[in-house]
Amino acid sequence: MEKEELYSLVLFIILVALLKGLPVWLHNIPGVKFRTKNQIFMDEMKTFVTMIVEMMEHEKLFASQGGPIILAQIENEYGFVMPYYGIDGEDYMNWCAQLAESYETGVPWIMCQQDNAPAPILSNWFKAWGDRDPHRPAQDVAFAVARFFQFGGTLQNYYMVTTYNYEEKQVCFLGNSDSTNDVTINFRNTSFTIPAWPVTILPDCHTEVYNTAKVNSQTSIMIKSPSEGDDGEEPYKLQWKWRSEQFAYMKKDGTVDAYGAEYENLAVGINGPVKLAGTKIVVDLLGLGKGEAWVNGQSLGRYWPTIGANEDGCSDYCDYRGNYSPDNKCLTNREKPTQRWYHVPRSFLKANNNNVIVIFEEFGGNPWNVKFQTVTVGTACANALEGNYTLELSCQGGRLISNIKFVSFGLPIGSCGSFSQGGCESPTAYSYVMNNCLGKSFALLLSFCLCSAVQVSYDERALTIDGERRIILSGSIHYPRSTPEMWPDLVQKSKDGGLNAIETYVFWNVHEPLYRQYNFEGNLDLVRFIKTIQSQGLYAILRIGPYVCAEWNYGGLPVWLHNIPDVKFRTNNKVFEEEMKTFVTMIVEMMKHENLFASQGGPIILAQIENEYGNIMWKFGSDGVDYMDWCAQLALSYDTGVPWIMCQQDNAPAPMISTCNGYYCDQYYPKRKGIPKMWTENWTGWFKNWGSQDPHRTARDVAFAVARFFQFGGTLQNYYMYHGGTNFGRTSGGPYITTSYDYDAPLDEYGNLNQPKWGHLQKLHFVLRSMEKVLTNGFQRTVDYGNMVSVTTYNYEGKEVCFLGNANQSSDATINFQNTMFTIPAWSVSILPDCYNEVYNTAKVNSQQSIMVKSPNEADDGEEPYQLQWNWRSEHFAHRKKDGTVDGSSLIANALLEQKSVTNDTSDYLWYITSVNISQNDPILTTEQITIQVSTSGHVLHAFINGKHIGTQFAQNGQYSFTFERKLNLTIGVNDIVLLSATVGLANYGPEYEDIPVGITGSVQLVGTKSNQKVIIDLSKNQWIYKVGLAGYEKQLYAQTPESASYVWHDIGLPTSRMFVWYKSTFPAPLGTDPVVVDLMGLGKGEAWVNGQSLGRYWPKFEANEDGCSYSCDYRGAYGSNKCLTNCGKPTQRWYHIPRSFLKADNNEIVLFEEFGGNPWNVQFQTVTIGTACADAYEGNTLELSCQGGRVISDVKFVSFGLPQGSCGSFSVGRCESPKAYAYVMNICLGKVRCSIPVNELTLGPTGCKETNRLAIEAVC
C-alpha cells in the first residue's frame, strides 16, 4: 500500500472471528476475564498490542515516520457491550485509550462504536452454514456512502477497503431517503429529480455528476470453467488414494493410545496428483459431506457442501430501495449447498502440475465428483444512462471481447440476459460498438460481451492484431535474472514506461540441467512470468531459441547435450535436432496448455526459433541452410496461431520474419518482400566482464536510434535489455561475465528506474503510440536536406506526422520546413505529430537524473560491519589416500580430460590428481631448478605439490588459455600432484563455441633446468584421478537444512587472507522497501548465499582496467561498447544484489565461500535509493521530480530557470534567470515524495532571456 501511495487504516481489532479473535489459551489462564478491568487480560493484551506497534515503528510504517498508516484503532465496537460490565467497563475503556496514547505513534487513534465515533459502513455481510447468499446492491452501498459524506463525514471504511477524501471546493449533496417515492426539487433555480433512496452529487452545486441509483458500470457475470490443465478430463482422471482415520478408544488397561483402532467404513483421507491451469482457481466439492481440504499441504479451510441453504427468503429481484438487512433482503442460493466451491490460491500451486489435494471426510461423501475450475468473466452487461458518463467494459485474464449479442442505445428494457429493444433506439449504435470493442480486452461504450482470442498476422508494414496494424514497443526482461516477487513491479514499470510488450528468451540449460530432469520452479516458472505479463495487459514475445547467447552460461544450451556421442550443435545433425525438438515441443505445449498464445486468448503474439543464426551459418555451408529450413518447418508444425521470427536471418524462409539486432537498425530493410521492419534487439547498453569498466549508453543516443527506426518505417522495436538483472548462481556466461547484468538498461539491476533513460524513453513511447494509425498505414515520403539531414512525412486520412532527423554528429541544422524554421541538434530527431509543433526531440532530455546512493543498514543501528559475528570452517582439499584412492572421485583415465566433459557443468571446479615416483638417481634431481608447467584453458588454476599450495593463476585480458609455471621441490619417492581447475562461465557465442575447451587440455610437465639443459617428465598420460566439485558444496554448507546445520563451524580464530575458507554470519533485514545489496569489498573470489539462495559469483579483488574512462560523455556519434566508460581502476563488481524475497524478517544468514583469500570484516548490507535528483528541462515541458522508498525531497540545493550552465553536481547560474523560480520550486517540492513543475514563464516567472529557457534543479532525497 505504501508503494501505491495509499493511506492505511490499521485496526488493532480484538473483536473479529472465532472467540472474538482472541487466542483460546488466554481463556485458560486462571482468573482471567475478557474485555473488562481485569489485570491478567490487560497485561496480555498490552504485550500483544505493544508488539504490533513496535513492529510498525521498526519498519517506519506510521505516517509520522514517513509510512502509510494515518489512523490506528484500539478495541472494537466496545460500546455494544460496555454497559454489561458497568464501572469496570468504563475503567477498561479508559485504560485502552491511555494504552494507545502511551505509544506516541504520531497518528490519531480511534475507538469505533463509542459515542464519539461514527460507525464504519459495511460493504457486505458474512454468512453461516445453512444461510442463503447475502447481496447488498451497489445502489444501496453508494447511497449510504454519499449520505455519510453529505452529513459531514470525512473518512469511511468499507468494512475492509479504505479511502481518504479531501477537497476544498464547494460541493452539494441532494439526498432522498424515501424508499418508495422519487422527488423533484428546485435547487438554485434548477429542477432536480432525485429517485427514491439515492443521493445526487453536484461537485459545483450546479451539475449532477453522480447519482447513487444510476449505475453506469458493467455487470460481470462470473463463470466457473473446467480446468484446462487436464484437457477437460476431470473428474474422471483424478486418481484417488485413501486411508481410514483411527478412532480413539480405551484399552483393557484403561489407557488410550494416541490413535485408536481403524474402522474402514468411516473417515476416509484422500489424496491424488492434480493438474491445474488458470488464474483464479476453485475446487468443486459437491458430493462430499463435511471436513477439511488441503492443497500441497495448505489448508483451504472447512468444507460442508451437504448443508443446504434455507428454502425461504430468496427472490429473483432485488430492490435496492429501503434499509438493507443481511437477514432477509436480496438473498439467493435457495436450497443449494451453502458453499460448494472453495478457493485454491494460485500461490498454493506448483508449476509442474504435480499438485496434491488431501481431504478429510468426516460425514461421508463421494470424491469422484471433485473438479478444479477457474473463475472468470463470462458475460459483461451494462445499462448505462446518457450524459457525462463513459461506459468501460473489460474482460479478465487477457481474454478478449469475442461476441456482442445485444446493443441498444435508446430505451432498452429488461436486464442482463434478457435485454430487448424499447420504443426507440439509434440505428448506428450496434456498428459503432462492434467496431470499437470487438477483439479488445478493454473497451468503452459497450453493452454486452464475451471473452476470447485474437488473430495475429503481419503484412509489409506491421504486425497486425485482429486486422489492425500495430506499433509494438517491447522490452526484454529475463525471468531467471530476477525473482517472481520482482516480476509484477518490473512489468508494471515497463508498462508505465510506455511499453506494450515484454520479450524473454527461454533458457534450456536451467530448465533441463541434467538429461530429462526438469525445473520450472521459483524464478524458472516461465508460465507464471508470462501470466504476470498478461495480468498487466501487455503482449509477450517468446524467444524459444533454444540457443539464446544472452551472455548466459553456454548460450543456454545444456552441457550434457555436448557429451552425447556424435552430436554437433546448430547444424544439420540428427542428434542435436532431436534433442532440440524435444525441448522446444515441451515449451510450446506448455504455453498451449496454459492458453498463453494470442490465438488462445493469451498474451504471446510472436515466437522465435533459433537466434542470430545468420551470423554463423556460413561456417556450416549447406548443412547450415538445411538446419535453418528444418528450424522453420519445426516452428510451423506447432500451429501456434502466431507468427514466428528468426532474428539476424536475412534468408529466413517464408513465412518466417527476419529481424534486426544491433545499436542502430534504421537502415535495415528485410530482404524478402511482404514482411515488416522489426528490431528485436536494441542494445540499451552493454554487458560487463570481470576486469572491464562499466559501460554506459546515453538516453539521448538510445532515443535517437529508436526515433530513426520509426522515421524510416519500423513498427516493432524491442529493448535488449529493459531490465538486465542479476546472474544468480552459476548462470553467467562469457567466459568472465560478471554477476551483475545491469546492462545500463532503463530499469537498473535492482529494478529501480534508471533516470533519465527510463523517463526520456517513456515520453518518446507515448508520442509514437499516439501516431500509431498514421505510422502503420500512412504514405511515407522522405526528403534529403543534405549534410545528413532528412525529413520524413507520413500521411493518412487527412492526418500528417513528421520526423526531422539530423544524423550529423557534430553540427546542428536549421531548416525551413513548411514555412517554419526548425533547429535540429546534431545526432537527434525531432517529432512533430501535426507537422507543425515539435513535441519531442531525442537530444532534449526533460526527465530527472537520479544519482543513486548506497545507504547503511538501519536495522542494526548503523553498527555494521563491526557487529557481524563470523563463523568459519576450512574447505578440505582433495588428496590421495595411502592406498592411492581419492574419496568422491568420479573416474580415472590415462589422459588429461576436458573439464565440462567430466563435470557436465555441475560445478565450476574439477580436481586433476596424479603422482610421480622419483628415484634417488632420477636425472631431474641433478638439475638446478625444477618447475611444473601446466597448459590450461582454465580459467583459474590452483596447484598443490605434496599437500602444499605452490601457486594460483587466472586468465586475464581475454586470454583464457595460458601456461602456469611455478618452482617446486620434489622428494625421493612418491610425489602427489593435485591441480584444481575452475571455470568462470562457459562460452556463449560463436560458431562451434560448444567445442571451446576448458580445463587442463594441454600438457603437464615437470621441467628441470641446468645450464640451458632440460630434463622433462611428461605427466600428460599419467593415470589421472578426477573429482568434481568441492567438499563444502557437496555438504551444502550454504543451505538451511538440518544436515547442513549439523556440521561444525568455528567461532574463534577467524582466518583472513586465507584460501579456501567458508564464512558464515547473520544479519537483520534492512528496513524499508529499497533494494538490498551486500558490499563484499575486501574479499577475493568465490560465491555468496543468503538464506540458502545464491547471489552468484563474487570477485571484488579483480579490478577494472585503469584506462578508457572519461568524466564526460558525448552522446553524439555512433555508440560502441568502449564509449562512455566509468569505474576505471576500481573493483569490477563490489556490490551484490540480495532480492527482498530472499530475506526473512530477522536473523538472515549469509554464507561465503572464499577461494582466493579475503577479509570478511568489511562486509556490509546496504540499500540502494535516490540520493540526488537533478534535471535540466526545456521550456514548454512539465518536469516531474521524485524520490524513492517513501523518502521525501529534504533540500533543494540549486534552482535556476533561464540559461543555467554546468551539470548535476556543478550547476551554476547563467547570464539570465527568473528571480521567482527558486521560491516556487521550494514551495511545491520541499517535503514531498514527488512534485510536478510546469516549465514556463507563467509559472516560474519571466527570465529576460532571448533563447529557449531551461530549468536546472538539484534536489536531495
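The values are calculated or read from the model by the stated rules, or taken from the named source; none is laboratory data. Predicted model only: the values in this text are computed from it and were never measured. Glycine gets a Cβ as well: all are built from the backbone with ideal geometry, and neighbour counts include every protein chain shown. Heads up: the accessible areas ignore ligands, DNA and RNA and are worked out on the full protein's heavy atoms, side chains in. Shrake-Rupley method; radii C 1.70, N 1.55, O 1.52, S 1.80 Å.
Each Cα pair under 8 Å and six or more residues apart adds its separation to the average, and for segment 53-108 the resulting relative contact order is 45 percent. Computed from Cα atoms, the angle from the helix 138-150 axis to the main principal axis of the chain rounds to 80 degrees. With a cut-off of at most 14 other beta carbons within 10 Å, and DSSP calling the residue loop, which GluC sites (Glu not before Pro) in segment 982-1072 qualify? Please list them. Sites meeting the loop and neighbour criteria: 992. Helix 526-535 axis versus longest C-alpha principal axis of the chain: approximately 40°, rounded to the nearest ten.
A simple packing score, the average count of other Cβ atoms within 10 Å per residue, orders the peptides 1104-1114, 1160-1170, 1014-1024 as 1160-1170, 1014-1024, 1104-1114, with the highest score first. Solvent exposure of segment 652-710, expressed per residue, is 29 Å² of accessible area, with all protein chains present and a 1.4 angstrom probe. As a length-normalised measure over Cα pairs under 8 Å and 6 or more apart, the relative contact order of segment 466-596 settles at 24 percent.
Rounded to the nearest Å, what's the spacing between the alpha carbon centres of segment 1199-1222 and segment 36-105? Just the number, please. Cα centroid of segment 1199-1222 versus Cα centroid of segment 36-105: 52 Å apart.
Anisotropy class assigned to segment 875-1017 is oblate, per the alpha carbon gyration tensor with a/c at or over the 1.5 cut-off and a/b no larger than b/c.
Averaging the Cα positions of each part gives two centres, and for segment 1045-1079 and segment 491-552 these lie 32 Å apart.
What is the list of residues in segment 989-1015 whose amide nitrogen lies under 18 Å from a point 7 angstrom out from the Cα of residue 961, following Cα to Cβ? Inside the label zone: 989-1005. I'd like the GluC sites (Glu not before Pro) in segment 463-530 restricted to DSSP loop residues with at most 15 other Cβ atoms within 10 Å, sorted by number. Passing both the DSSP loop test and the Cβ count: 485, 521.
Each peptide in 543-554, 953-964, 827-838 was scored by the mean count of other Cβ atoms within 10 Å over its residues; highest first, the order is 543-554, 827-838, 953-964. If you take the Cα centroid of segment 687-756 and the Cα centroid of segment 777-796, the two points sit 30 Å apart. Using a/c under 1.5 as the rounded threshold, could you call segment 990-1045 rounded, prolate or oblate? The axes a ≥ b ≥ c are square roots of the C-alpha gyration tensor eigenvalues, and prolate needs a/b larger than b/c, oblate otherwise. Oblate. Cross-link reach is defined here as a Cα-Cα straight distance under 13 Å, omitting same-chain residues fewer than 8 places apart; for residue 1250 the aspartates and glutamates meeting it are 1179, 1217, 1241.
Protection proxy ranking for 1050-1057, 190-197, using the average of other Cβ atoms within 10 Å per residue and placing the highest first: 190-197, 1050-1057.
Solvent-accessible area per residue in segment 823-927 equals 46 Å², computed with a 1.4 angstrom probe and all protein chains kept.
Based on Cα contacts under 8 Å between residues 6+ apart, the chain shows a relative contact order of 7 percent.
Net charge of the neighbourhood of residue 280, taken over other residues with C-beta under 11 Å away and scored Lys/Arg +1, Asp/Glu -1, is +2. For segment 814-888, the gyration tensor built on C-alpha atoms gives an oblate shape. Its axis ratio a/c (a ≥ b ≥ c) is at least 1.5, and a/b is not larger than b/c.
Split the accessible area of the chain by element, probe 1.4 Å, and carbon with sulfur accounts for 50%.
Relative to its residue count, the chain spans a Cα convex hull of 257 Å³ per residue. Rounded to the nearest 10 degrees, the angle from helix 82-102 to the longest Cα principal axis of the chain is 40 degrees. Do any of 493/592; 967/1010; 1064/1130; 677/763; 688/1130; 280/531 go past 18 Å between their Cα atoms, and which? Those over the limit are 493/592; 1064/1130; 677/763. Radius of gyration over Kirkwood radius for segment 706-791, both on Cα atoms: the Rg/Rh ratio is 1.13. Candidate cross-link partners of residue 882 among the lysines, defined by an alpha-carbon separation under 21 Å and a same-chain spacing of 8 or more, comprise 948, 1027. Rounded to the nearest 20, the Cβ-based charge dipole of the chain about its Cα centre (Lys and Arg +1, Asp and Glu -1) stands at 1500 debye.
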